[in-house]
Amino acid sequence: MKKTMLTLAAMAFTSTPALAADYIIDNKGAHASINFKIQHLGYSWLTGRFNNFDGEFSYDADEPLKSTITVNIDPASIDSNHAERDKHLRSDDFLHVDKFKTAKFVSTKISDPKDGGGFDLHGNLTLHGVTKPVIIDVDKVGEGKDPWGGYRVGFAGDTKIALKDFGIDYDLGPASTHVELELHIEGVRQ
Amino acid sequence: MKANTDSWGASLIIVHWLSALAVFGLFALGWWMVDLTYYSDWYRTAPHTHKSVGILLALLTLFRLFWRATHKRPAPLGNKVERRTSGLAHKLIYMLLILLFTSGYLISTADGRGIEVFDWFTVPGFGSVIENQEDLAGDIHEWLAYTLIALAVLHALAALKHHLINKDKTLTRMIKF
């Protein structure tokens, strides 16, 4: 019995990365946001966000290249602060949320670690039923104990996607073919 | 209250035909505007006009219902079944209209914005009662519109049937003051 427990403990130990900590994205306290911006006619930026998402990641400051992250996004939670526009964005002209009920990002690898703790985060983004590789330029913001007995780490990242790559071909004009995604992620260590 | 009469009266006749014009106009405009491209000249004006006319029709319909409740109207023509069915159809049309006004209002005001009526006055918005209210209200608005148009066509066919087959005054008394 004791031997089995030890074996199990050893297996558990070896099957997880030695020091990587598991974090859950703090969506309950809303210390994370998935924002987007797109040019309006080439004259200004239109910004919005996805209100509902969840995710988890592994991160260890000593071994950032071993980090992994998965984020699930509810595309129907898109919010550009205008109900009629949001209705249009959820329709089959854009996200078609009746048909494509989920969006997600799953990391595949980390490269180009930076001095401040940032890195290039490679992964597959699924949006509008299309899965494409994207690279998110990640900066580490900070890490440490919170005042309530927990431990947190947070990042900011951005990437740019072409709407056409994800099968969204509604014509918003030549200045509005790409969307920039801005991601702010704070994880609470489990 | 006026005594029971053989005439609808000029005001109700005008209101009836204005409503008919507005209902079919709103339907055509609504059906067309949802597929407009972003760079269309009508992308902003078509929904603005649709909402403005819709609000005005809502006010007209409220006035009409008030008038209906306070004035005598001509007795329905036709046999018992026809009188019953037409009574039911008319009530349904009023109900669909009210629900169309409500669902349309709930789309555009889901974020608390008001509805501007021809830059003339603004109907205030009260925000959402349910999540993604604009989507649900939009689906309901669309199906109610198809139902209302079907019923309005039936209503018109029935009037023609009274005029051409029964040769009674159903249609003419809605035209002549």
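The values are calculated or read from the model by the stated rules, or taken from the named source; none is laboratory data. Being a predicted model, the structure only gives us computed values, none of them experimental. When we count neighbours, we look across all protein chains shown, and the Cβ atoms used for this are built from the backbone with ideal geometry, even at glycine. In case anyone asks, the SASA skips ligands and DNA or RNA and just uses the protein heavy atoms, side chains included. Shrake-Rupley method; radii C 1.70, N 1.55, O 1.52, S 1.80 Å.
If you go through the range A:43-77 and keep only what is farther than 16 Å from A:HIS184 by Cα, modelled with pLDDT of 95 or more and of a type outside the set (S, T, N, Q), you end up with A:TYR43, A:TRP45, A:LEU46, A:ASP74, A:PRO75, A:ALA76.
Within the range A:157-165, is even one residue touching a Gly at 6+ places or on another chain (Cβ under 8 Å) and not charged (D, E, K, R)?
Of the residues in the range A:157-165, the ones touching a Gly at 6+ places or on another chain (Cβ under 8 Å) are none.
Checked the range A:157-165: no residue is touching a Gly at 6+ places or on another chain (Cβ under 8 Å) and not charged (D, E, K, R).
Determine whether B:ASP119 is among the acidic types (Asp, Glu) and within 14 Å of another protein chain (Cβ to nearest Cβ).
On the way: among the acidic types (Asp, Glu): yes; within 14 Å of another protein chain (Cβ to nearest Cβ): no.
Answer is no for this residue.
Among residues that are in contact with a Lys or Arg (Cβ under 8 Å, 6 or more places away or on another chain) and more than 14 Å from chain A (Cβ to nearest Cβ), B:PRO124 is not included.
Candidates B:ILE140, B:ILE175, B:ILE115: the one that is touching a residue at least 40 places away in the same chain (Cβ under 8 Å), open to solvent by 50 Å² or more (accessible area, probe 1.4 Å) and within 30 Å of A:ARG90 (Cβ to Cβ) is B:ILE140. Considering only residues in the range A:43-90 that are within 14 Å of chain B (Cβ to nearest Cβ) and of a type in the set (S, T, N, Q), the one that is most open to solvent (accessible area, probe 1.4 Å) turns out to be A:ASN81.
Sort out which residues of the range B:52-66 are of a type outside the set (A, V, I, L, M) and open to solvent by 60 Å² or more (accessible area, probe 1.4 Å), and write them in order of number. Quick ask: steps written out before the conclusion?
Here is the first cut: in the range B:52-66, the residues of a type outside the set (A, V, I, L, M) are B:52, B:54, B:61, B:63-64, B:66.
Scanning the range B:52-66 gives B:PHE63, B:PHE66.
For the range B:36-56, filtered to residues that are small (Gly, Ala, Ser) and without any contact (Cβ under 8 Å) to a residue 40 or more places away in the chain, the residue that is farthest from the other protein chains (Cβ to nearest Cβ) is B:ALA46.
Take the conditions (1) within 21 Å of the chain's Cα centre (by Cα); (2) polar (S, T, N, Q); (3) open to solvent by less than 70 Å² (accessible area, probe 1.4 Å); B:THR85 misses just one of them, which is (3). Considering (1) open to solvent by less than 50 Å² (accessible area, probe 1.4 Å); (2) within 12 Å of the chain's Cα centre (by Cα), the lone condition that A:ILE135 does not fulfil carries the number (1).
Can you tell me which residue within the range B:88-112, out of those that are in a loop (DSSP other than H, G, I, E, B) and open to solvent by 30 Å² or more (accessible area, probe 1.4 Å), is nearest to the other protein chains (Cβ to nearest Cβ)? Show your work before the answer.
Initially, the range B:88-112 is screened for residues in a loop (DSSP other than H, G, I, E, B), giving B:109-112.
Filter again for open to solvent by 30 Å² or more (accessible area, probe 1.4 Å), leaving B:111-112.
Details: B:ASP111: 4, B:GLY112: 8 Å.
That would be B:ASP111.
Evaluation of B:ASP168 against the conditions (1) more than 23 Å from A:ALA83 (Cα to Cα); (2) acidic (Asp, Glu); (3) buried (at least 16 other Cβ atoms within 10 Å of the Cβ) shows that the sole unmet condition is (3).
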